[in-house]
Amino acid sequence: MKDPKNNQTQITNPNKPFTELLWFFLIASCIKFLLIPAYHSTDFEVHRHWLALTHSLPLSQWYSDETSPWTLDYPPLFAHFEHFLSLFAQFIDPTMVHLQNGLSYKSHLTIFFQRVSVIVSDIVLMYGVYCLTRNLERRKRNFVWVLVIWSPGLMIVDHMHFQYNGFLLGILLVSLAALQEGKDLVGGFAFAVLLCFKHLFAVAAPVYFVYLFRHYCRGGLIRGFGRLVLMGTMVFAVFVAAYGPFVYYGQIQQVLSRMFPFGRGLCHAYWAPNFWVFYIILDKLLAFLLMRLGFHIQAPTASFTGGLVGDSSPFAVLPTITPLITFIMVLLAISPSLVRAWRDPQPRLITRWVVYAYTCGFLFGWHVHEKASLHFLIPLGIVVLQSREDASHYFLLSIVSCYSLFPLLYEAQEYPIKLLLLLLHAILMWLGFSAYFSKTKAAEASDPGQRGGDKFGLKRSRGSGSNDIRFRIGWIMKVYLLGLLVVETWGQFLHPILLGNRLPFLPLMLISIYCAFGMMYSWIWQLRRIIRSIDS
Amino acid sequence: MEKRRSTKARKEEDDEDNTIWWWLVEKGIIPSFLCISVFALLVRVSVSLHPYSGAGNPPKYGDYEAQRHWMEITLNLPPKEWYRNSSTNDLSYWGLDYPPLTAYQSYVHGLFLRSFDPESVKLYTSRGYESYFGKLLMRWTVLSSDALVFFPAVLYFVFAYYSGRGGRKSDMAWHIAMILLNPCLILIDHGHFQYNCISLGLTVGAVAAILSNRDLLASVLFSLALNHKQDALKDIGSISLCWLEISMGMEGLLIVFYFDFTFSIYPSNKSYQSGVAALLSVSGSYCSHLLGRCLRRRNPLFEVFKLGCVVLGTFAIVWWPYIHSFHSISEVLSRLAPFERGIYEDYVANFWCTTSVLIKWKRLFTTPSLKVLSLAATISTCLPSMVRQVWSPSSQNFLYGLLNSALSFYLFSFQGM
């Protein structure tokens, strides 16, 4: 009874999803425009400087200039993007694109221009979501938009803190959409382009490689080889287009050293909630215990957030972590999904594998920023309605990841905003998930035959679960989420009252540790899912 | 019960499935209200990031400074001196000209400000005080008043309004969103800086109480609204318009929205006093409706007497510091209703201002005769709906009556509002 109707709505008006999506986008844009005067971090000046840099200097000097400490450290296509923006910026306010006079320049027009550039570049995100969801059934589609277009994380990082993640994630989504539809060449091309925009997305490259190798380059030795050559040439062409000019000017060494500053420490100044948080804490605890037991432990001189690698170990007891170790760990962690992609490369699962790869990169990577959690959160929103377990996992993960972004906005003025953003997101998710799954249940009850074979082939929990697939979250999750409230209350109110100015790092550390538990849970959950699907 | 609901739900399913917001109303009206109000709060906070009007613009700054100054006065002086010109209270510098409830509200907010930023409410020295934190605190006082007074009142209103007619859940959700996201209100309170949300919330609460037949509660709430801002009903205009928006359907929405916008932005920006005409026309609808209803009860006189007692009691409590002497009452009253200004200020879209292009009102008549003229015009345009309310009171007509008196008041009253 329901299915024919839904199909009808799909067929009758193919243009409609886009107009509807536009509404979601416009509502988000209204909020984004209102947020223009909000706090922005030094990233604002970084991007302004890049505007000036790419506008005033020839290509050959983009990566060697040192006028400002904020040197260009994104790949070349992003530099071209900034150059493109600067073409408009010069008409808005010429000082903005002046290399020397523009330093730390913050006129109203500059702020307006840069903010609007982020808002407008989000159109790529909208297009990516559109590509991914245009073939979904309507109720699913609407809700995916809510998760992606109204993502509080993007709002905080892009439109307040200031970055262009929405734009970059849009390219990723376009690529994933192409892969899901079987257009492997387009997908590979989009991903290569993305890598030339921001190299941090390279974490998923192994997954892409294995998947494309097995899915695209199949059908016999000759045909497969031909396709491999085709794909290779195309990817190579993208990289040549991006890096070629720098090779020509003899700048490539400089470009690479800028893009991979391994001089930075294992963790960012604010520890991203990942595996290394536990490692650090374990090291501290061990050192403390051993000291108590009478061992002589030398206090580490280096910090793990900065300093050059190899100078001295930042750890008291445990072995030092080098970039190579993190690299190997990430690869190891990703490997289950690689095995899966090798054995049975299915287009419908590629999004999951990519999401998993980014989760691993986030958990075990070198010098990870908390913002990197968006790399897996946003694509995960696409597949979240496939089952109830997915939904409750996403519910937890998105709240945790959004909460872990809170320290980015530390000023009082933005405090209610970030709180309301998270609250709104949680309510929307709760309303949406419960409505969606209760409707799905009703539809299944009314005609079990047609719905039995789920389009996505994912097993619903049978047996006891079959008569109750409503959206619920377990009590452990509830307690954990309430714990976030405790952590926040401690950091905001109790800590200043009870401890005053002592241990000023404690609230941030608590947030990191507490969110790291959620992130680890999410990783294990995803890993289990992938391993299970291998077994079956 | 459950069965009936489910068949009804199935019938509505087809319609509700066709909206892109189907999932928002699925859980019932309270969760939707929660969701919409969090969004509305988000919009309000975002608007409040922007500067208020008159920021960094001495010597008088703007309404922000007026409100801050009232907090300073009420916090540092005894209630008897709030409305009195003295060496400590210079009434020419943003003297208090709103009724006592506003003064109490300023006092409470002043306490809040003093505990976090004492500098911002110090007597004399705090004039023109502007700081990042001070602005934030002031913004938060508006935000909290909005969330504590206006939002619950709207929920009450929507419940009262739909309890009789049993509308669809999506209609209710739309109605809530329409009222809570009214741009004029957000801009005036959280952008320009005022506390309309309180008087408006009380008025909406009063309307809701009338719709749910709680006459005494309605009179208390409305008396409080009047005591917060004497021109409370002017603002009810926007609410009635919101309601109209729903009943007219979507096609009328754009026109009404535009009208709504000009209707409440300009007046609130331009004027702070309203006068006796306001009180008359404001209370007109209420009184006539209540009166009409009382007359239909078993003991009409007793009912009227009860209402009168409640209203007088409320007024007495609010005016407590001033009712001991006639002098202090007249002192306050003279602050509330000054007639020194002309019949219209510039840019106000009212009858007098618009027709002044053809008829030079100010040249033809003297100020006293203009006063009489405008009073007569206001009352005569209010009268039809008021008479009808006394004659046959009904909820539907009551809302139209409110709209009518708000409009006539806005269009014809003295000093243009």
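The values are calculated or read from the model by the stated rules, or taken from the named source; none is laboratory data. Just so it is clear, the structure is predicted and the values come from calculations on it, not from any experiment. Cβ: placed from backbone, ideal geometry, glycine included. Neighbour counts: every protein chain shown. Only protein heavy atoms, including side chains, enter the accessible area calculation; ligands, DNA and RNA are left aside. Shrake-Rupley method; radii C 1.70, N 1.55, O 1.52, S 1.80 Å.
Let me know the charge dipole size of chain A about its Cα centre in debye, to the nearest 20, where only the beta-carbon of Lys, Arg (+1) and Asp, Glu (-1) is charged. Before the final figure, lay out the partial values.
Numbers: 43 positive and 28 negative charges, 411 e Å.
Once rounded to the nearest 20, the dipole reads 1980 debye.
Using C-alpha pairs below 8 Å separated by at least 6 residues, the relative contact order for region A:80-169 is 28 percent. Across the alpha-carbon atoms of region A:125-197, the computed radius of gyration and Dmax are 12.8, 37 angstrom.
Please give the length that would be gained between residue A:299 and residue A:64 if that part of the chain were fully extended, namely 0.36 nm times their separation in residues minus their C-alpha to C-alpha distance (nm, one decimal). Numbers along the way, then the final one.
Working: separation 235, 0.36 × 235 = 84.60 nm, distance 3.82 nm.
Between residue A:299 and residue A:64, full extension yields an extra 80.8 nm.
Shape class for region A:166-311, computed from the alpha carbon gyration tensor (a ≥ b ≥ c): prolate, with a/c not under 1.5 and a/b above b/c. Note on residue A:240/residue A:502: beta-carbon distance plugged into 1/(1 + (r/R0)^6) with R0 of 56 Å gives a FRET efficiency of 0.50.
Near residue A:368, the amide H atoms lying under 5 Å from its own belong to A:268; only residues 5 or more places off or on other chains count, and H is placed 1.01 Å from N. Solvent-accessible surface of protein heavy atoms, probed at 1.4 angstrom with all chains present, puts A:161, A:98, A:268 in the order A:98, A:268, A:161, largest first. Here the simple spin-label model places points 7 Å from the Cα toward Cβ, and for residue B:323 and residue B:390 these points are separated by 2.6 nm. When A:45, B:119, A:181 are compared by accessible surface with a 1.4 Å probe, the order from highest to lowest is B:119, A:181, A:45.
How much net charge surrounds residue B:94 when only other residues with a Cβ under 13 Å from its Cβ are counted (Lys, Arg +1; Asp, Glu -1)? It would help to have the intermediate numbers written out before the result.
Working: positive: B:60, B:68, B:127, B:335; negative: B:63, B:65, B:72, B:90, B:97.
Local net charge: -1.
A probe of 1.4 angstrom, applied to the heavy atoms of all protein chains, finds residue B:50 with accessible area near 60 square angstrom. Which of the DSSP-defined H helices in chain A satisfy a minimum axial length of 27 Å, computed from C-alpha atoms, and a minimum mean Kyte-Doolittle hydropathy of 0.0? Flagged H segments are A:16-34, A:221-248, A:323-343, A:415-446, A:506-535.
Measuring nothing but how far apart in sequence close Cα pairs (under 8 Å, 6+ apart) lie, relative to its length, region B:137-208 scores a relative contact order of 56 percent. Would you please classify the overall shape of region A:227-375 from the alpha carbon gyration tensor, given that a ≥ b ≥ c denote the square roots of the eigenvalues, rounded means a/c under 1.5, and beyond that prolate means a/b larger than b/c while oblate covers the rest? Note, shape of region A:227-375 comes out oblate. With 24 Å as the limit on Cα-Cα distance, the pairs of B:60/B:135; A:284/A:371; A:140/B:27; B:60/B:360 that go past it are A:284/A:371; B:60/B:360.
With bins 5 Å wide beginning at 0, the percent of Cα pairs of region A:40-131 falling in each bin runs 3, 14, 26, 25, 17, 9, 4, 2, 0.
Taking a Cβ cut-off of under 11 Å around residue B:146, the surrounding Lys, Arg, Asp and Glu residues balance to a net charge of +1, with basic ones at +1 and acidic ones at -1. Backbone N atoms of region A:68-101 closer than 20 Å to the 7 Å Cα→Cβ label point of residue A:42 belong to residues A:68-75, A:99-101.
Shape class for chain A, computed from the alpha carbon gyration tensor (a ≥ b ≥ c): rounded, with a/c under 1.5.
When Rg and the Kirkwood radius Rh are both evaluated on Cα atoms of region A:236-299, their ratio Rg/Rh stands at 1.34.
For a Förster distance of 41 Å, can you work out the FRET efficiency between the beta-carbons of residue A:510 and residue B:144, rounded to the nearest 0.05? After rounding, the FRET efficiency stands at 0.90.
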